[in-house]
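Here the structure comes first, spelled out in structure tokens, and everything after it is commentary.
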Amino acid sequence: MQETDIQQNIMTTAYSEPAQIEQRPTPPTSQRIRRATMTADLLKAHVTLIEKEVILASQADLFRLVQHHYYTLQAWHDQHTGWRIQRNSHVIRLERHLNALTPGYLYERLKEPKDFACLTWLLWYSENRQLTGRGNEQQFLLSQLAEQIQEQSALDQDGEEPFDFRRPADRYSMQRALHYLEDLGGLQLVDGQTREWVEQAGNADVLYEFTPVARSLVAALNPQAVESAAAHLANPATALQPTLLADMARSPSLVRAWRGLLLGPTLFRFDDPSAFAELLTHAESVANELLDTFGWLLDIQRDYACIVRASGMALGPIAPLTPYGTNDQIALLLCQAIRTQVETNAWPPPDAFGCLHVSVEDMSELFYSVREQYGEHWGNEARGKSSRTLLQDVYKKMRQVGLLRGPDEAGQLLILPTAARYAATYEKPGPEAMPTTRGRTKANAKRAKKTPATPLPGLE
């Protein structure tokens, strides 16, 4: 709703019911402050619950806040998302259920597919100890864990290479998974240093202990959803197809819309047309509810919708594009170059869902031209990489923030309509950013500047 509309509504109400408005008593100052505090606390509880994967009892203030508002929070999710709040004396967490396998958002601790695989094996190991009667003794040696995972991953390879922790890459994946689970509160380091195990320093070993948080993560697992997701991912034909899971299509459309928005980063009409249509029907009420509940804004375009948060509000693992990382800069520049290709009719127009279908050859050619034009602004590491390796890194970044999918086995990419949100330029270096020794310039001269992009027809 525009500001002028809000003002007009206020004026209309004021003129239509002047007597009633004048007769309403003004609450005492202390009462108004108390109401405002309660509203702010509830908003903070909502945001904390949705953006923190786990709230530990050791986080005393947040734990008490969410515990205090538990019934109100659960009632809200019963109505809008259908998600349940799992809580006990140790941990509170919101059990989220996916509707679609929409990629996006980067967890800083987990970077590679094997990192997530190691996390899954860690939880398996925790549950296996429960099932084999060793649940009362939750301490374990990292060497024993690694040996068990190697054996189990070799039993049913299913085309995947089993783990071999003699390889440094596999040890680093395990390290990242261990640190991630430790950050969640699912592990406690008892003795030793993981870094020494990773570097294979002598006979270094590490003693860990599982906590009740690990058990709660396993208890919330939905095997049917995992099987449905695995079947979708294992089918090469679905690589560039809508990501809505068949088993989840039976959920109410508006519930799926709420879930897609809150899980982020974007709800695409391409993935779930009926949920998107239901969102459009209830756009005003959803926007108001989102603002009142979380303090967030709803941005709805023709082919997608997303949540807009104020800078610095996010508590969760949200990793949008920034002007600072080299891969981020390249992704922004590629978005601008893609727009140019569409505007000049060098590439076919977007489809009915605002998506572009592009071959890897065309995308590589576009990347080469971007590198030739702007490569001198990139860091030494990026300049030292081959174009193929660097482009793969940029693909990964664009997939993580919801701009691109693929490539598939046929070498096709799907560029999503969110790519039209971005354009970028480099600021002209000023006198304080003149080249220094060895041709390097200060960081200020290398910073990419994001500029708002005017949506393209059919690609807004």
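The values are calculated or read from the model by the stated rules, or taken from the named source; none is laboratory data. Note that the structure is predicted; figures quoted are calculated from it, not measured. Please note: Cβ atoms are built from the backbone with ideal geometry, for glycine as well, and neighbour counts cover all protein chains shown.
Sort through A420, A448 and tell me the only one that's modelled with pLDDT under 85 and touching a Leu at 6+ places or on another chain (Cβ under 8 Å). Spell out the reasoning first.
Numbers: A420 fails: modelled with pLDDT under 85.
Only one candidate passes the filter, namely A448.
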Of those in region 172-193 that are free of Cβ contacts under 8 Å to residues at least 40 places away in the same chain and over 26 Å from A230 (Cβ atoms), the residue surrounded by the fewest Cβ atoms within 10 Å (Cβ to Cβ) is D191
Quick one: A220 ticks every box in (1) under 30 Å from R87 (Cα atoms); (2) without any contact (Cβ under 8 Å) to a residue 12 or more places away in the chain except a single one, so which number is it?
(2)
Determine, yes or no, whether E209 is at negative phi and touching a residue at least 60 places away in the same chain (Cβ under 8 Å).
yes
Which one of R166, R195, R215 is in a helix (DSSP H, G or I) and under 20 Å from S143 (Cα atoms)?
R195
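Out of region 218-236, which residues are in a loop (DSSP other than H, G, I, E, B), polar (S, T, N, Q) and either out of contact with any strand residue (DSSP E or B) (no Cβ under 9 Å at 6 or more places or on another chain) or over 22 Å from A117 (Cβ atoms) (or both)?
Across region 218-236, the qualifying residue is only N235.
Residue by residue, here is whether (1) surrounded by 15 or more Cβ atoms within 10 Å (Cβ to Cβ); (2) outside the structural domain of L49 (by TED's automatic domain parsing); (3) farther than 26 Å from V54 by Cα; (4) not hydroxyl-bearing (S, T, Y) holds:
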site: F276; (1), (2), (3), (4): yes, yes, yes, yes
site: W296; (1), (2), (3), (4): yes, yes, no, yes
site: A337; (1), (2), (3), (4): yes, yes, yes, yes
site: T340; (1), (2), (3), (4): no, yes, yes, no
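Which ones in region 262-292 are among the hydroxyl-bearing types (S, T, Y) and out of contact with any strand residue (DSSP E or B) (no Cβ under 9 Å at 6 or more places or on another chain)? Step through it out loud before you land on a result.
Within region 262-292, the subset among the hydroxyl-bearing types (S, T, Y) is 266, 274, 281, 285.
Selection gives S274, T281, S285.
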Positions within region 298-311 being of a type outside the set (V, I, T) and either crowded, with 16+ Cβ neighbours inside 10 Å or within 15 Å of F353 (Cβ to Cβ) (or both), in sequence order:
L298, Q301, R302, D303, Y304, A305, C306, R309
So which of L263, L245, L254 ends up being modelled with pLDDT under 85, under 30 Å from L279 (Cα atoms) and surrounded by 14 or more Cβ atoms within 10 Å (Cβ to Cβ)?
L245
Would you say S364 is of a type in the set (G, A, S), in contact (Cβ under 8 Å) with a residue 12 or more places away in the chain and out of contact with any helix residue (DSSP H, G or I) (no Cβ under 9 Å at 6 or more places or on another chain)?
no
